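What follows draws every value from the coordinates through simple rules; no lab data is involved. Just so you know, these numbers come straight off a predicted model, no measurement behind them. Every residue, glycine among them, receives a Cβ derived from its backbone with ideal geometry; neighbour counts consider all protein chains shown.
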C-alpha cells in the first residue's frame, strides 16, 4: 500500500480531521505551495490505522508536488486520505463533512478523485466548498472523471518508450496490466485499439472478465502477473509494487503504468536499471488526471487538457535523454528536474510543523 518517496522537502501542513457523527477520519497534507495552491486527489481506503494512513498521505502529497511541477502546472502538491469506516455509514454525509474539512484550509488545497472516490463523492464535497474539481462537465469544458486523461497520458508515454527501446509501435506487442479499474480499463481500451496483446490481473473477477470480453485479454492471477513475459508491465493498482523481490522476477523490458509511488524504495530505481528495465517515472506519465482537474479550476477547455496531456511524452523523452547521458536512473533524473522547478519558484518556509496533531483541534 505504501511506498518510499525520495524527497528532501518536508510538508508545509499536515492536518487531521475527525467527525464522529458521519464517521469521517481524514488526513490532508499540503506538501508545497511554491508553485500555487496544493492540488491532489482524495483516497478512500480501509487503512489499518492512522499511522499507515498518514504515511500514505505524506508520500502521495510529495508525489503530487513533483507531478504538478513536471506537468508545468501552476499548482503545488497536496493529497488527502480518508479512512473508510468499518461500520455502516452515510457516504454522502461523510463526504459533505470532508468538504467542510477542505474548506477550512482556505483554498490552500484543491481536491478531486483518487482511488476509492467518485464524481458523486466530489459533488457531495462541492456542497460544502468550492475548492474541489473532478465534477461533471458538458464535454467541451475540462472536468468530470479524470481517469480517461490519466489513461491517455500513460498510453502516449508507453508508445514513446516502446518506440525508443524496441523500435516499433505497440501493434503486436504484449502489455501486462496490473489492475483494471478506471485507469487500467481505459488504458486497456487504448492498447487494444492500437493492436497490442493484453495480459491482465485484478482482484475483481468482473473487471478481468470484461477485459477478456472486450479486448481478448488473457487473465492471470494477481500474484502471477509480475513474472509473465511481456514487452511492457503497466502497474495500475496501488503502490510499492516495484521492490527488491518483485524486480528479480520481472520478465519485461519497460515499466510504464498509472499507480502512484510504484518504487518501494529509492534503491529500487537502481535495481531496475541494473536489470536493463526502462522505468517511466509514474508521477510524470500518470499526470493526465491532475491536468484535467486543475484545468477545470482554471476554466480551461477539454482541448487545452488534451494538448497538455500530449506533451507528457516530450518531458519523458527529455528525462530518458538525460538518463542516458548521465548514467542516472530516470527516477533520479525526474526527481532532480521536479526539485529544480520547485526551487526556481522560490524557497518557501513551512507554515505548520509536520507533527501529528490532536484530531479534536481539527474537527470537520
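Report the paramagnetic label zone for residue 248: residues of region 263-284 whose backbone N is under 19 Å from a point 7 Å from Cα along the Cα-to-Cβ axis.
Counting only backbone N, you get 263-277.
Assuming R0 = 22 Å, what is the FRET efficiency of residue 50 and residue 118, from their Cβ-Cβ distance, to the nearest 0.05?
Details: r = 24 Å, r/R0 = 1.08.
The calculated FRET efficiency here is 0.40.
State the Cα centre-to-centre distance between region 157-183 and region 258-326 in whole Å.
If we compute the Cα centre of each part, the gap is 14 Å.
On a 0 to 90 degree scale, rounded to 10, what angle separates helix 312-326 from the longest Cα axis of the chain?
70 degrees
Can you give me the angle between helix 205-215 and the longest principal axis of the chain, using Cα atoms only, in degrees from 0 to 90, rounded to the nearest 10?
With both axes taken from Cα atoms, the answer is about 50 degrees.
Among 29-40, 246-257, what's the highest-first ranking by average C-beta atoms within 10 angstrom per residue?
Numbers: 29-40: 25.2, 246-257: 20.0.
Packing order, densest peptide first, comes out as 29-40, 246-257.
If neighbour count is taken as other Cβ atoms inside 10 Å, put 319, 154, 341 in order from fewest to most. Intermediate results must be reported in sequence, preceding the final value.
Numbers: 319 22, 154 30, 341 18.
Fewest-to-most Cβ neighbours within 10 Å comes out as 341, 319, 154.
From largest to smallest, what semi-axes in whole angstrom does region 176-256 give when each is the square root of 5 times an eigenvalue of its alpha carbon gyration tensor?
Values: eigenvalues 76, 36, 24 Å².
That gives 19, 13, 11 Å for the three semi-axes.
Fewest Cβ neighbours within 10 Å first, please rank 282, 121, 90 accordingly.
Values: 282 30, 121 25, 90 14.
With the sparsest Cβ surroundings first, the list reads 90, 121, 282.
Test of understanding: ordering 337, 205 by Cβ neighbours within 10 Å, fewest first, what list do you get?
Values: 337 19, 205 9.
Fewest to most other Cβ atoms nearby, the residues stand as 205, 337.
For the chain, what does the helix formula give at 222 nm: sum of -39500 (n - 2.57) over DSSP H segments with n ≥ 4, over the residue count, nearest 500 deg cm²/dmol?
-12500 deg cm²/dmol
For the chain, report the % of Cα-Cα distances exceeding 37 Å. Numbers along the way, then the final one.
Working: 9429 of 66066 pairs.
In whole percent, the long-distance tail amounts to 14.
What's the Cα-based Rg to Rh of region 1-120, Rh via Kirkwood?
Details: Rg = 13.6 Å, Rh = 14.2 Å.
Radius of gyration over Kirkwood radius for region 1-120 works out to 0.96.
Just to be sure I understand the model, the point goes 7 Å from the Cα along the line to the Cβ. What's the resulting residue 318 to residue 224 distance in nm?
About 4.3 nm, to one decimal.
Please determine, in degrees from 0 to 90 and to the nearest 10, the orientation of helix 91-103 with respect to the longest principal axis defined by the Cα atoms of the chain, where the helix direction is its Cα long axis.
For 91-103 against the chain, the angle is about 80 degrees.
Return the tail of the calculated pair distribution for region 147-333, meaning the percent of Cα-Cα pairs more than 26 Å apart.
Working: 4481 of 17391 pairs.
Of all Cα-Cα pairs in region 147-333, 26 percent lie more than 26 Å apart.
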